[in-house]
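First the structure, then my questions, so here it is.
The values are calculated or read from the model by the stated rules, or taken from the named source; none is laboratory data. Owing to the predicted nature of the structure, the values given are computational and were not obtained by experimental measurement. Methodologically, a virtual Cβ is constructed for each residue, glycine included, from the backbone with ideal geometry; neighbour enumeration extends over all protein chains shown.
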Amino acid sequence: MTSLRHRTAGLLLAIALLGCGAIRGSTGATIPTGTLSPSGPEDAIAAICGADRLQTVRARFRANVDVAGQRSAVEGILLVRRPGALRVKFFGIAGITVHDAIWVGDGARVRGRVAGIERQSPLVLVQTPERPVEQPEARFSLLLWSLWQPRCARPPEPVAGEPGRFALDAAPAQARSREVSLVDGAVVSDALVTADGERVVARSSGYERHLGVPLPRQIEIGLPSAGWTATVEVSEYDLNEALDEALFALPADEAS
C-alpha cells in the first residue's frame, strides 16, 4: 500500500508544472517549438509571471515515474480555470478513470473532492493555511493546485547574494514559501514548501516560443524522502479555451 501511495504521489507531482510537446492555442493551431532565451530584467519577470495571464489550461499528458527502481506510466488530463480551480484525472485500461481530483478556492480556503477506484466513496475536504489536509490520496493533487496558483500576486523579490533566484508571494498557494530560479532569464526550477512543510522542486527545460507565455517542454521532479523521480510528456496543450464550470463542480459547501 505504501509503495502504491508513493507511486500515485509521484505521478500527481510530476504534472504540477507541465512540459509540453505539441501546444495549441484556443484556435487549435499547432505552435512551433524552440528555445526561449530572455536576457534582461523585464524578460526575467516575464518568464516568471507570464503564465499568470492564462485564464484556462487543458493538457493531455503521459507521466512516467520511478519509485525505488520500479517504473510505471499513466495517461491523464489536467484542467485549470482561473481563479483557483483545478481538476486532474488519470486513466487506466480502456480509458477508465482511476483517479479524479477537483480543488477550488484561494489562499484562505480551498475545497476539494477526490475520487478513485481505490475508494468506495469520494473524499470531500477543506484546507486552510492553519489546517492542512493530511490524507495521502488528496494532498498531492492539492499540491498541484498550489503550484498552479499565480506566482506574481506581488512582484518577485530577488534573493540577496543569489543571482537569478526570486522569492514569490506564497500566500495565494497556501504555502509556507515559494521561489523560482532563473538561468539566462528562463525558469529552471520552481520550489514550494507546502502548508504541511513538504518541500517540492520541479526542474524545467526546453522552453517553447511564439506562445505569448513561457512554458517548458520538459519537467523533472523528485522527492528524495519518498524515493521517486518523475518526468512528463504532454501530447496536447490548449490555452484559454472555454471550460464549463460544471467540470469543477463540488458538493454543497456546508461551512457557515
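Could you identify the single residue in Phe166, Phe140 that is outside any loop (DSSP other than H, G, I, E, B), more than 29 Å from His99 (Cα to Cα) and of a type outside the set (D, E, K, R)?
Just one listed residue meets the conditions, Phe166.
Being at pLDDT 95 or above and assigned to a strand (DSSP E or B) is the filter; apply it to region 59-87 and report the residue that is farthest from Val234 (Cα to Cα).
Ala85
Then there's this: Please work out if Leu243 is in contact (Cβ under 8 Å) with a residue 24 or more places away in the chain and surrounded by fewer than 22 Cβ atoms within 10 Å (Cβ to Cβ).
yes
Hey, among Thr56, Thr30, Thr35, which residue is modelled with pLDDT of 75 or more and hydroxyl-bearing (Ser, Thr, Tyr)?
Residue meeting the stated conditions: Thr56.
Then there is this: Where the second residue is buried (at least 21 other Cβ atoms within 10 Å of the Cβ) and part of a loop (DSSP other than H, G, I, E, B) and the first is modelled with pLDDT of 90 or more and hydrophobic (A, V, I, L, M, F, W, C) and lies in region 95-119, which pairs have Cβ atoms under 9 Å and are six or more apart or on separate chains?
Within 9 Å, the pairs are Ala108/Gln174; Val110/Val133; Val110/Gln174.
Residue by residue through region 87-136, note down the ones that are more than 20 Å from Ala249 (Cα to Cα) and of a type in the set (Lys, Arg).
Arg131
If you scan region 203-215, which residues turn out to be more than 22 Å from Pro155 (Cβ to Cβ) and either in a strand (DSSP E or B) or in contact with a Pro (Cβ under 8 Å, 6 or more places away or on another chain) (or both)?
Arg203, Ser205, Gly206, Glu208, Arg209, His210
Now for a separate question. Report yes if Val188 is among the β-branched types (Val, Ile, Thr), at pLDDT 90 or above and part of a strand (DSSP E or B), otherwise no.
yes
I'm told Val180 meets every condition in (1) farther than 22 Å from Asn64 by Cα; (2) surrounded by 20 or more Cβ atoms within 10 Å (Cβ to Cβ); (3) modelled with pLDDT under 85 except one. Can you identify the failing condition by its number?
(3)
The rows are residues; the columns are (1) in contact with a Lys or Arg (Cβ under 8 Å, 6 or more places away or on another chain); (2) surrounded by fewer than 22 Cβ atoms within 10 Å (Cβ to Cβ); (3) within 19 Å of Thr194 (Cα to Cα); (4) not aliphatic (A, V, I, L, M).
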| site | (1), (2), (3), (4) |
| --- | --- |
| Arg109 | no, yes, yes, yes |
| Glu130 | no, yes, yes, yes |
| Arg139 | no, yes, yes, yes |
| Leu142 | no, no, yes, no |
| Ser146 | no, no, yes, yes |
| Pro156 | no, yes, yes, yes |
